[in-house]
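Input: a single structure, listed below in structure tokens.
The values are calculated or read from the model by the stated rules, or taken from the named source; none is laboratory data. No experiment lies behind these values; they were computed from the predicted model shown. All Cβ positions, even for glycine, are placed from backbone atoms using ideal geometry, and neighbour counts span all protein chains on display. In case anyone asks, the SASA skips ligands and DNA or RNA and just uses the protein heavy atoms, side chains included. Shrake-Rupley method; radii C 1.70, N 1.55, O 1.52, S 1.80 Å.
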Amino acid sequence: MPAKGWIEVDDLHCKGCALCISACPQDVIALDMERLTPKGYHPAHLIAEGCTGCALCAIICPDAAITVYREVPVHTKKAPASA
Amino acid sequence: MVAPTTPETKVVFKRPESFTDVTTHYCPGCTHGVAHRLVAEVIDEMGLREKTIGVAPVGCSVFAYKYFNMDFVEAAHGRAPAMATGIKRVLPQKTIFTYQGDGDLASIGMAEIMHAAARGENISVIFINNAIFGMTGGQMAPTTLPGMKTTSSPFGRDVELTGFPIRMSEMLATMDGAGYIVRRSLHDAKHIRQSKKAIRMAIETQERGLGFSMVELLSSCPTNWKVAPDEALKFIAESMIPVFPLGDYKVRPELAGLRV
Ligand SMILES: Cc1ncc(C[n+]2csc(CCOP(=O)(O)OP(=O)(O)O)c2C)c(N)n1
Ligand code: SF4
Ligand code: SF4
Ligand code: SF4
Ligand SMILES: [Mg+2]
């Protein structure tokens, strides 16, 4: 199963350049046409499940607007044989 | 023992500590912002923020000092290598880098950069080649491609009239004082990663006292190239790289084994 991730886009810095959209291998980013940032840009946002937390969007982002999170599986420790 | 059921959340990417929270004035999609971030990430990773002094140029990156959370000075147009020379010689323990555009470095500042390299000044230069004078409205630069339209070459750069593009990395690599001279590109994630490694190598060169270092970065100017940000990245890959080949032009043997 691919790792589960998500991104947060900072409205203060995002300029709606859309470079993160073409960089995302999962096609899960789009510009939010319903909203404007304080500077008047349509910000990028996640539109679907499937983000793997690969951070390619954040690497291409010229405004360091993206924070990327990933869920790391916590390995289950074996229960002791007898209680 | 019962294992926790919720997986842990890890931050895998965030704004570097060496950035302020100020929003840049760069146009949407301009890769000046990527270059800034890479420098900040390298300074963070090397733990050098408290001892680094940046030298800002004249050009679109004239306000670079507002975006980096570290000491910075502002040089006159093209004179950043001269200013950096002075600072480094007086404060040799500090880490000094200049950040310069192609108009700044290869046009008005040609003398300063050549002589700083010839003297083997122990400074690092981040050179942003976007083939144009961005700040002043898109005039032809010494790096403008043959046939490329700019506001001062509206029919395309005519090499018969205005000469050929200057390849700074190749030229500076001939200097004995140069320790590390490479050209990279900012047009996709893979090349951005390679650019970051090169910036790291340049600062490592300085920290080891191995002389002048420069990373030339092919960078976009969607506004003055008059294309969308993603088209501008394609222009770098398809039109700029053939004229400005990526590569290592000078690497002092002392650096050869270094892996960053
Ligand atoms: C002494 C002097 N001459 C000319 C100028 C006008 N000027 C400002 S920026 C610039 C060129 C900037 O181009 P570049 O260095 O390539 O930076 P970019 O904006 O493309 O990042 C020029 C010619 C000036 N500010 N000072
Ligand atoms: S790359 Fe960055 S600035 Fe551009 S749209 Fe995406 S988040 Fe916004
Ligand atoms: S982290 Fe990767 S998968 Fe998730 S939005 Fe960014 S580019 Fe797409
Ligand atoms: S004019 Fe060009 S180089 Fe300057 S900020 Fe805009 S896109 Fe970047
Ligand atoms: Mg320029």
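Scan segment B:1-20 and give yes if some residue there is under 26 Å from A:A18 (Cβ atoms) and more than 9 Å from chain A (Cβ to nearest Cβ), otherwise no. The answer is yes, given that some residue of segment B:1-20 is under 26 Å from A:A18 (Cβ atoms) and more than 9 Å from chain A (Cβ to nearest Cβ). Within the set of pairs 6+ apart or on separate chains, which have a first residue in segment B:141-156 that is over 17 Å from B:S219 (Cα atoms), a second that is modelled with pLDDT under 95 and open to solvent by less than 10 Å² (accessible area, probe 1.4 Å), and C-beta atoms under 6 Å apart? Sorted first by the residue in segment B:141-156, then by its partner, the list stays empty.
Restricting attention to segment B:211-240, and to residues there that are touching a helix residue (DSSP H, G or I) at 6+ places or on another chain (Cβ under 9 Å) and more than 16 Å from ligand 4 (Cβ to nearest atom), which single residue is farthest from B:T174 (Cα to Cα)? By that ranking, first place goes to B:A237.
Return yes or no: is B:R208 touching a helix residue (DSSP H, G or I) at 6+ places or on another chain (Cβ under 8 Å), surrounded by fewer than 22 Cβ atoms within 10 Å (Cβ to Cβ), more than 14 Å from chain A (Cβ to nearest Cβ) and more than 29 Å from A:A64 (Cα to Cα)? Judged against the criteria, B:R208 is a match.
For A:E34, the stated conditions hold: it is modelled with pLDDT of 95 or more and more than 14 Å from ligand 3 (Cβ to nearest atom).
A single member of B:V22, B:V34, B:V12, B:V42 is of a type in the set (A, V, I, L, M), more than 19 Å from the chain's Cα centre (by Cα) and not in a strand (DSSP E or B), and it is B:V22.
None of B:V62, B:V34, B:V55 is of a type in the set (V, I, T) and open to solvent by 10 Å² or more (accessible area, probe 1.4 Å) except B:V62.
Would it be correct to say that B:L186 is within 15 Å of ligand 5 (Cβ to nearest atom) and in contact with a Lys or Arg (Cβ under 6 Å, 6 or more places away or on another chain)? So B:L186 does not fit the description; no. With respect to the conditions (1) at the interface with chain B (Cβ under 7 Å from one of its Cβ atoms); (2) near ligand 3 (Cβ under 9 Å from one of its atoms); (3) buried (at least 23 other Cβ atoms within 10 Å of the Cβ), A:I7 lacks only one, and its number is (1). The sole residue among A:I66, A:I60, A:I47 that is open to solvent by 30 Å² or more (accessible area, probe 1.4 Å) and away from ligand 1 (no atom under 16 Å from the Cβ) is A:I47. Given the conditions (1) open to solvent by 10 Å² or more (accessible area, probe 1.4 Å); (2) β-branched (V, I, T); (3) more than 16 Å from ligand 2 (Cβ to nearest atom), which single one is not true for B:T23? Going through the list (1) open to solvent by 10 Å² or more (accessible area, probe 1.4 Å); (2) β-branched (V, I, T); (3) more than 16 Å from ligand 2 (Cβ to nearest atom), B:T23 breaks only (3).
Which is closer than 28 Å to B:D176 by Cα and aromatic (F, W, Y), of B:F164, B:F133?
Checking each option against the conditions leaves just B:F164.
Which of the residues belonging to segment B:110-139 are within 12 Å of ligand 5 (Cβ to nearest atom) and either buried (at least 23 other Cβ atoms within 10 Å of the Cβ) or under 15 Å from the mean Cα position of the chain (by Cα) (or both)?
Answer for segment B:110-139, where residues must be within 12 Å of ligand 5 (Cβ to nearest atom) and either buried (at least 23 other Cβ atoms within 10 Å of the Cβ) or under 15 Å from the mean Cα position of the chain (by Cα) (or both): B:F127, B:I128, B:N129, B:N130, B:A131, B:I132, B:F133, B:G134.
Kindly list, by first and then second residue, each pair from a residue in segment B:200-211 that is hydrophobic (A, V, I, L, M, F, W, C) to a residue that is part of a helix (DSSP H, G or I), limited to pairs with Cβ atoms under 8 Å and residues at least 6 apart or on different chains. The qualifying pairs are B:M201/B:L255; B:I203/B:V42; B:I203/B:I43; B:I203/B:M46; B:L210/B:E254; B:L210/B:L255.
When residues in segment B:109-150 are screened for being within 12 Å of ligand 1 (Cβ to nearest atom), more than 14 Å from chain A (Cβ to nearest Cβ) and polar (S, T, N, Q), 6 of them pass.
Within segment B:169-193, residues that are surrounded by 23 or more Cβ atoms within 10 Å (Cβ to Cβ) sit with their Cβ atoms under 6 Å from residues that are modelled with pLDDT of 95 or more and of a type in the set (D, E, K, R), at 6+ positions apart or across chains, in these pairs: B:S169/B:R183; B:S169/B:E216; B:A178/B:K250; B:G179/B:R252; B:I181/B:K250; B:V182/B:D248; B:R183/B:E216.
Take the conditions away from ligand 3 (no atom under 16 Å from the Cβ), away from every other protein chain (no Cβ under 14 Å), under 22 Å from B:C60 (Cβ atoms) and in a helix (DSSP H, G or I) and apply them to B:G103. Does it pass? Answer is yes for this residue.
For first residues located in segment B:218-239 and away from chain A (no Cβ under 13 Å) and open to solvent by less than 40 Å² (accessible area, probe 1.4 Å), partners that are within 12 Å of ligand 1 (Cβ to nearest atom) and not polar (S, T, N, Q) and lie 6+ apart or on another chain with Cβ distances below 6 Å form the pairs B:N224/B:I132; B:N224/B:G134; B:N224/B:G138.
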